[in-house]
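Quick note: the coordinates plus some simple rules give every number you see, no bench work behind them. Remember, it's a predicted structure, so these values are computed and weren't measured experimentally. Neighbour counts are summed over all protein chains in view; Cβ atoms, including those assigned to glycine, are modelled from backbone coordinates with ideal geometry.
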Amino acid sequence: MSEIIIEPAKNNNNLGAIVKLLDDEKLTQAVGLLLPLQEEKRTQAIKMFIRHNHVMVVKLNEDVVGMIVLSAWYGDEGKRIAHHYELGYLLQRDHWNKGIMTSAIQQIISILPSKITIHAECKQSNYRSRRVLIKCGFIYDKDDLWQRIIK
């Protein structure tokens, strides 16, 4: 397998590659990401998303093939919970089943500080994503929620 590189979306000129990645309507629907259809509004929405979340791009052979997002976690009462984050990720469909996202998430986890909890939502029918979470040390919590405590 080629080298998988993870880098912050904010620090690099990756906006065009992210917009292109998110042009795959089947992919964005699969992860529940709703974006405007008009190109200019879509690009602005993606810029805003990157600005307000920890977004990393996943590169393979210098090409952006996926992204990983860590965003604030809000409890049942709608209040931000300190040291808790929600994990989201997506990968170009032609790169599925190659271990790329598992490796990328493991890289991210290895550099996270201790004493945080990462939550991920994954539908029971999404067996590929469930396999990634299991391989990355997440445990099933309840409903469609998984979590990983970084010790």
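Could you tell me which residue out of 104, 127, 84 lies farthest along the dipole of the chain toward its positive end? Charges go on the beta carbon: Lys and Arg +1, Asp and Glu -1, centred on the Cα centre.
84
Once you list every other residue whose beta carbon is under 14 Å from the beta carbon of residue 87, what net charge do they have if Lys and Arg are +1 and Asp and Glu are -1?
For residues surrounding residue 87, the net value is -1.
Of 55, 27, 15, which is farthest on the positive side of the dipole of the chain, counting Cα position, with +1 on Lys and Arg Cβ, -1 on Asp and Glu Cβ, and the Cα centre as origin?
With unit charges placed on the Cβ atoms, the residue in question is 55.
Please give me the summed charge of the neighbours of residue 140: other residues whose Cβ is under 14 Å from its Cβ, Lys and Arg +1, Asp and Glu -1.
Charge balance in the 14 Å sphere: +2.
Cut-off under 23 Å on the C-alpha distance; same-chain residues fewer than 8 positions from residue 10 excluded. Which lysines are left, in chain and number order?
Result set, ordered by chain and number: 20, 41, 47, 59.
Against the empirical 2.2 N^0.38 Å scaling, what ratio does the C-alpha Rg of the chain come to?
Rounded to two decimals, the normalised Rg is 1.02.
How large is the dipole of the chain about the Cα centre if only Lys and Arg carry +1 and Asp and Glu carry -1, each at its Cβ, rounded to the nearest 20 debye? Intermediate values should be presented prior to the final figure.
Details: 21 positive and 17 negative charges, 71 e Å.
For the chain, the charge dipole is close to 340 debye.
Separation between the residue 38 and residue 109 pseudo-spin-labels, each 7 Å from Cα along Cα→Cβ, expressed in nm?
A separation of 4.2 nm, rounded to one decimal place.
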